């Protein structure tokens, strides 16, 4: 008789708060209304007010941060319905993960980089991982250098869901941990444990880890719990299609999420919101405060239920505020970069712009920018409705950028490779090194700065 084999597995789950924040940020205006309706059904402590008296002070005072009732004001600055034909602009069918990734990458990569990205996407397994990926084989089959492939792979790994495109479960966990860190939810000890002790996570030597990292065993236990609860080994399983809706509802799909209007000072931004406000129910809030003052006077199950619903409502409203704040910041940054296009509506005025540039300008993660603009539409001053992703045009390739810099240099004082690298970053946000510049310059048959000066 063959004895059954025992196999240990690591069970990891995504923290629900992080999932919800990412999900709401990625929602367009139509999807957001559905998400709010769903939350209203599930949480009795969350309350919707459909009408608010114009002369009431309640609305204004409830919006103050120091008030206990946190209010999501969805009625203020209502956007007018644009005149358009949503059917002609409607997407056909729901997006798969492969289609979603391809679309996002096409908006931010050069033509050559996008070809490499397509190769990488073709090698993703059903879990969203590159489990059998070989850099040498990829270089041979694409004709690209390992450096080029690595650069594109980093772009793939910056997309949602976190961990996509990882070459191993360890890299997948590290990508998710770094994403959480960027979102202000990080755990440095957890990162260190995954980096150094990944292969011992099935049965972690807690005391040894604590001793070697010079921390308390309790801190190690907390970090291991964080790893189990905040991470997911199969990122593809967390994908939610942005267009997962039936064709019968397309007439309600294409609505602007952002409206940009001309003003005497330049341009103003209006975020399209539902026509009502959300608050924490005053009755639930009152009960919550009573329980906090004297918890022993109430049954344990009542305490748990009230705390769970009220704190969940607070958290939901806070995430909504964060969503709108992020979308507003990203929109304003994009306006600064694409004034020509916004002023004229002509695509010939679009400048090369990447999500990385906006992320660095705002001090946020690139994946946050991707989620903020995903599946969203912008109405520009001339009335046109354009996908938010259209503002992000493929950046110049490194080779093109090098040629443009050298073509515009002073013949008497040509740039050296280090100076070219600095200019590439200043003009186009292209990060590279002197060594890389030298490599591409040789490929382009461009002499060194000293030789270029002599030739001229």
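Below are the figures for this structure:
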item	result
Where residue 328 falls short, out of the listed (1) within 12 Å of residue 392 (Cα to Cα); (2) within 19 Å of the chain's Cα centre (by Cα)	(1)
Residue in the stretch 332-350 that is assigned to a loop (DSSP other than H, G, I, E, B), under 18 Å from the mean Cα position of the chain (by Cα), farther than 30 Å from residue 276 by Cβ and at pLDDT below 90 present	no
Cβ pairs under 6 Å, 6+ apart, first in the stretch 401-412 and over 21 Å from residue 112 (Cα atoms), second modelled with pLDDT under 85	411/456
The stretch 373-384 - residue that is crowded, with 18+ Cβ neighbours inside 10 Å and in contact with a helix residue (DSSP H, G or I) (Cβ under 8 Å, 6 or more places away or on another chain) and, of those, farthest from residue 162 (Cα to Cα)	380
Residue within the stretch 356-372 that is surrounded by 21 or more Cβ atoms within 10 Å (Cβ to Cβ), farther than 30 Å from residue 261 by Cα and touching a helix residue (DSSP H, G or I) at 6+ places or on another chain (Cβ under 6 Å) present	no
All positions within the stretch 188-226 that are closer than 20 Å to residue 365 by Cβ and crowded, with 18+ Cβ neighbours inside 10 Å	190, 191, 194, 226
Some residue of the stretch 184-198 being out of contact with any helix residue (DSSP H, G or I) (no Cβ under 9 Å at 6 or more places or on another chain), under 23 Å from residue 369 (Cβ atoms) and assigned by TED's automatic domain parsing to the domain that holds residue 114	yes
Selection within the stretch 143-163 - in a helix (DSSP H, G or I) and surrounded by fewer than 18 Cβ atoms within 10 Å (Cβ to Cβ)	146, 147, 150, 154
Residue under evaluation residue 267, criteria (1) modelled with pLDDT under 90; (2) crowded, with 17+ Cβ neighbours inside 10 Å, criterion not met	(1)
Filter pass, residue 273 being surrounded by fewer than 12 Cβ atoms within 10 Å (Cβ to Cβ) and at negative phi	no
Condition broken by residue 31, with the remaining ones in (1) at pLDDT below 80; (2) within 27 Å of residue 182 (Cβ to Cβ) satisfied	(1)
Pick from the stretch 387-425, criterion in contact with a helix residue (DSSP H, G or I) (Cβ under 9 Å, 6 or more places away or on another chain) and assigned to a strand (DSSP E or B), ranking: nearest to residue 350 (Cα to Cα)	393
Residues satisfying the stated conditions in the stretch 41-59, i.e. within 17 Å of residue 274 (Cβ to Cβ), assigned to a helix (DSSP H, G or I) and modelled with pLDDT of 85 or more	41
Criterion violated by residue 226 - all others in (1) outside any loop (DSSP other than H, G, I, E, B); (2) modelled with pLDDT of 80 or more; (3) under 29 Å from residue 332 (Cα atoms) satisfied	(3)
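The values are calculated or read from the model by the stated rules, or taken from the named source; none is laboratory data. Note that the structure is a prediction, hence the values are computed from the model and not measured. Positions of Cβ are backbone-derived with ideal geometry, glycine not excepted, and every protein chain shown enters the neighbour counts.
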